[in-house]
Amino acid sequence: MRRVLLPHAISSAAPPAGAAIHELRGTSMGTSWSARIAGAAAELAPLLQAELDLVVAQMSHWEPASDLGRFNRAPAGTWHALPTEFLEVLAFALDVYEASGGACDPCAGALVNLWGFGPLDRHDEPGFVPPTPAQVQAVLARRAYVRLDPQTGRAWQPGGVQLDLSAVAKGYAVDRLALRLESLGFANYLVEVGGELRGGGVKPDGQPWWVALEQPLDASAGDDGIVVGLHGLAIATSGDYRRYFVDGAGRRPHTIDPRTGLPIDSGIASVTVVDASCMAADAWSTALTVLGVEAGLRLAERRGIAVRYLVRQGDGSLRESTSSAFAAMLD
């Protein structure tokens with residue numbers, strides 16, 4: 001049985017009469033992006049690429065020349081002016097850090113790098129050795145946090161902070177694509193960066209932008225999955241089947257618990273969050289993955305977050321758990 005998830009309200013506005021769907025594609029942030037747009041959108045690719053290029057130039061931890069890269073190399077005890085977009089994303093990431101009890105930490109780049117998930121000394125390169133417990137504890141002991149001054153648009157580098165916005169920047173990039181299209185008068189679209197999506201309006205046939213939720217290939221949830229009508233909604237999924245490495249302890253996801261400094265080991269196969277903002281869905285899918293099912297669902301209920309967990313069982317099947325906000329949208 002295939003289930004359907006729909007927003008609570010669907011606009012009656014129709015796409016342009018006789019509109020065709022134009023598909024645009026490109027690459028950014030180490031992955032691909034795409035846009036499906038109802039209307040004469042053939043010349044929009046450079047404009048959309050420029051939105052993504054801005055995110056990379058400001059917030060990429062892979063680009064040494066980015067604003068984030070310069071901040072990470074800045075001397076201790078210095079204030080730095082940040083671009084408006086960078087400041088917005090960092091402030092949101094810090095809010096999620098506080099709300100999740102530290103489960104999603106934009107200042108945990110040193111831990112990410114230690115485990116070989118950063119741009120250098122990667123886990124998938126020959127000769128990589130996972131860090132020892134002592135090395136992990138040493139990094140945790142040196143933890144420090146930025147301070148923001150929204151009035152002046154500045155951030156304080158206390159020394160040694162390595163920002164990593166990979167849990168939020170991709171979702172923000174999706175939102176920028178959507179908002180750019182809307183500013184140009186294109187209200188009916190589906191945009192995607194690296195598998196994270198946001199949809200607006202409807203297709204020319206009046207149907208929502210239907211998207212199947214990602215599901216691990218090596219297990220079954222006992223049904224044919226869920227399709228979502230992306231109408232004013234965005235989706236982000238974190239999962240151990242998307243990015244992981246294998247060592248003596250078996251398969252480990254790329255997700256680090258900033259509180260312990262270790263890769264999570266909870267049996268969670270995937271966490272999907274549905275929200276009007278892809279930046280929010282992106283950040284919360286990571287935070288709720290780290291928190292685990294019980295604590296994650298408690299937080300999701302308090303905050304009204306629409307989340308779906310799939311957890312691996314001993315027999316290879318998946319157990320599904322959803323928040324009330326997610327269940328309320330299921331038809």
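A count restricted to the range 260-274 and to residues that are open to solvent by 10 Å² or more (accessible area, probe 1.4 Å), of a type outside the set (Val, Ile, Thr) and either in a loop (DSSP other than H, G, I, E, B) or more than 23 Å from Asn113 (Cα to Cα) (or both) stands at 3.
Output the residue which, of all residues in the range 146-177 that are in contact (Cβ under 8 Å) with a residue 12 or more places away in the chain, in a strand (DSSP E or B) and out of contact with any Cys (no Cβ under 8 Å at 6 or more places or on another chain), is farthest from Gly69 (Cα to Cα). By that ranking, first place goes to Asp149.
Give me a count of the residues in the range 126-145 that are in contact with a strand residue (DSSP E or B) (Cβ under 7 Å, 6 or more places away or on another chain) and either exposed (fewer than 12 other Cβ atoms within 10 Å of the Cβ) or part of a loop (DSSP other than H, G, I, E, B) (or both).
First, pick out the residues of the range 126-145 that are in contact with a strand residue (DSSP E or B) (Cβ under 7 Å, 6 or more places away or on another chain): 130, 136.
The next check asks that each one be either exposed (fewer than 12 other Cβ atoms within 10 Å of the Cβ) or part of a loop (DSSP other than H, G, I, E, B) (or both); those that pass are 130.
Number of matching residues: 1.
Which residues, taken from the range 72-92, are among the hydrophobic types (A, V, I, L, M, F, W, C) and either open to solvent by 20 Å² or more (accessible area, probe 1.4 Å) or touching an Asp or Glu at 6+ places or on another chain (Cβ under 9 Å) (or both)?
From the range 72-92, those among the hydrophobic types (A, V, I, L, M, F, W, C) are 74, 76, 79, 81-82, 86-87, 89-92; that's our starting set.
Within the range 72-92, Ala76, Trp79, Ala81, Leu82, Phe86, Leu87, Ala91, Phe92 qualify.
Of all residues in the range 286-331, those that are touching a strand residue (DSSP E or B) at 6+ places or on another chain (Cβ under 9 Å), surrounded by fewer than 18 Cβ atoms within 10 Å (Cβ to Cβ) and in a loop (DSSP other than H, G, I, E, B) total 3.
Within the range 275-283, at least one residue is part of a strand (DSSP E or B) and open to solvent by 10 Å² or more (accessible area, probe 1.4 Å).
Inclusion of Ala110 among residues that are touching a helix residue (DSSP H, G or I) at 6+ places or on another chain (Cβ under 6 Å), open to solvent by 30 Å² or more (accessible area, probe 1.4 Å) and of a type in the set (A, V, I, L, M, F, W, C) is warranted.
Within the range 37-50, work out how many residues are buried (at least 17 other Cβ atoms within 10 Å of the Cβ) and among the small types (Gly, Ala, Ser).
Looking only at the range 37-50, we keep the residues that are buried (at least 17 other Cβ atoms within 10 Å of the Cβ), and these are 37-39, 41, 44, 48.
Remaining after also requiring among the small types (Gly, Ala, Ser): 38-39, 41.
Selection size over the range 37-50: 3.
Of the candidates Ser12, Ser34, the single residue that is surrounded by fewer than 17 Cβ atoms within 10 Å (Cβ to Cβ) and modelled with pLDDT under 95 is Ser12.
Residue check: is Arg25 assigned to a strand (DSSP E or B), among the basic types (Lys, Arg) and closer than 25 Å to Ile226 by Cα?
No.
On inspection, Arg36 qualifies as among the charged types (D, E, K, R) and within 26 Å of Asn188 (Cα to Cα). Of these, Asp95, Asp105, Asp67, Asp53, which one is more than 30 Å from Lys203 (Cα to Cα), over 16 Å from the mean Cα position of the chain (by Cα) and either open to solvent by 40 Å² or more (accessible area, probe 1.4 Å) or modelled with pLDDT of 95 or more (or both)? After applying the criteria, what remains is Asp67.
Looking at the range 178-188 only, could you name the residues that are part of a helix (DSSP H, G or I) and either open to solvent by less than 50 Å² (accessible area, probe 1.4 Å) or basic (Lys, Arg) (or both)? Spell out how you get there, then give the answer.
Of the residues in the range 178-188, the ones part of a helix (DSSP H, G or I) are 178-183.
Those that are part of a helix (DSSP H, G or I) and either open to solvent by less than 50 Å² (accessible area, probe 1.4 Å) or basic (Lys, Arg) (or both): Ala178, Arg180, Leu181.
Within the set of pairs 6 or more residues apart or between chains, which connect a residue that is within 14 Å of Asn113 (Cβ to Cβ) inside the range 123-139 to a residue that is open to solvent by less than 50 Å² (accessible area, probe 1.4 Å) and not in a loop (DSSP other than H, G, I, E, B) with Cβ atoms less than 6 Å apart? Note: pairs meeting the criteria are His123/Phe245; Pro130/Asp247; Pro131/Leu114; Val139/Ala110; Val139/Leu111; Val139/Leu114.
Sub-6 Å Cβ pairs linking a first residue in the range 288-316 that is closer than 19 Å to Asp95 by Cα and in contact (Cβ under 8 Å) with a residue 40 or more places away in the chain to a second residue that is hydroxyl-bearing (Ser, Thr, Tyr) and open to solvent by 10 Å² or more (accessible area, probe 1.4 Å), at least 6 apart or interchain, are Thr289/Ser238; Thr289/Thr255, ordered by first then second residue. In this structure, is Arg2 modelled with pLDDT of 90 or more and charged (D, E, K, R)? Spelling it out, it is not the case that Arg2 is modelled with pLDDT of 90 or more and charged (D, E, K, R).
The values are calculated or read from the model by the stated rules, or taken from the named source; none is laboratory data. Remember, predicted model here, so these are calculated numbers, not experimental data. Don't worry about glycine lacking a Cβ; one is built from the backbone with ideal geometry, like all the others, and counts go over all protein chains shown. When the accessible area is computed, the model is the full protein with side chains, heavy atoms only, and any ligands, DNA or RNA have been set aside. Shrake-Rupley method; radii C 1.70, N 1.55, O 1.52, S 1.80 Å.
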